[in-house]
Amino acid sequence: MTTGHDMAMALRAAYWSMHRQTNACLAQHGATAEQYVVLTLLADEDSITQRELCCRASSDPNTIRAILVLLEQRDWIERVPHPTDGRARSVILTRQGHRTFNKLSKRLKPLQDRILALFS
């Protein structure tokens, strides 16, 4: 008999397996799964606040800030003052960020297709 705990542990194992495979796939391009999540969110909607990135990525402010610092050092993103909230900063993808996102997306496509095929 499968219990709720068994299901939770299976989902956790599946997530970490996918996470490790994604990290391995992106490592040769100097990126991580967490960084790719942020790039994806910015590719979907450029110029969103750091706070909104935290919500959409289901992550905490310290983690998002650390990711943004690294992405900014690589010139993949830029943080600019928010147009109406002086306390907030908006995050945008740079041209290099868009190119990098497209390259990473192409690299991940076969892995994503394999994973999605499991749910047919």
Problem - Criterion violated by residue 49 - all others in (1) touching a Lys or Arg at 6+ places or on another chain (Cβ under 8 Å); (2) open to solvent by 40 Å² or more (accessible area, probe 1.4 Å) satisfied - result: (2)
Handout entry: Residue match in region 9-16 (condition: at pLDDT 95 or above and of a type in the set (Ser, Thr, Tyr))
Key = no
Handout entry: Members of region 74-83 found to be surrounded by 12 or more Cβ atoms within 10 Å (Cβ to Cβ) and either of a type outside the set (Phe, Trp, Tyr) or touching a Pro at 6+ places or on another chain (Cβ under 6 Å) (or both), listed by number
Key = 74, 75, 77, 78, 79, 82
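Among the residues of region 74-97, how many are of a type in the set (D, E, K, R), under 11 Å from residue 49 (Cβ atoms) and touching a strand residue (DSSP E or B) at 6+ places or on another chain (Cβ under 9 Å)?
Applying the first criterion (of a type in the set (D, E, K, R)) to region 74-97 yields 74-75, 78-79, 85, 87, 89, 95.
Remaining after also requiring under 11 Å from residue 49 (Cβ atoms): 79, 85, 87, 89.
This time we only want the ones that are touching a strand residue (DSSP E or B) at 6+ places or on another chain (Cβ under 9 Å), so: 79, 85, 89.
The qualifying residues number 3.
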Problem - Single match in 99, 114, 87, 95 (criterion: of a type outside the set (Phe, Trp, Tyr) and within 16 Å of the chain's Cα centre (by Cα)) - result: 99
Practice task
Would you point out which residue out of 42, 71 is open to solvent by less than 60 Å² (accessible area, probe 1.4 Å), farther than 25 Å from residue 115 by Cα, modelled with pLDDT of 95 or more and in contact with a strand residue (DSSP E or B) (Cβ under 6 Å, 6 or more places away or on another chain)?
Solution key: 71
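The values are calculated or read from the model by the stated rules, or taken from the named source; none is laboratory data. Quick caveat: nothing in here was measured; it's all calculated off a predicted structure. Counting neighbours? That spans all protein chains shown, and the Cβs are built from the backbone with ideal geometry, glycine included. Side chains are part of the model used for accessible areas, which takes the heavy atoms of the whole protein and leaves out ligands, DNA and RNA. Shrake-Rupley method; radii C 1.70, N 1.55, O 1.52, S 1.80 Å.
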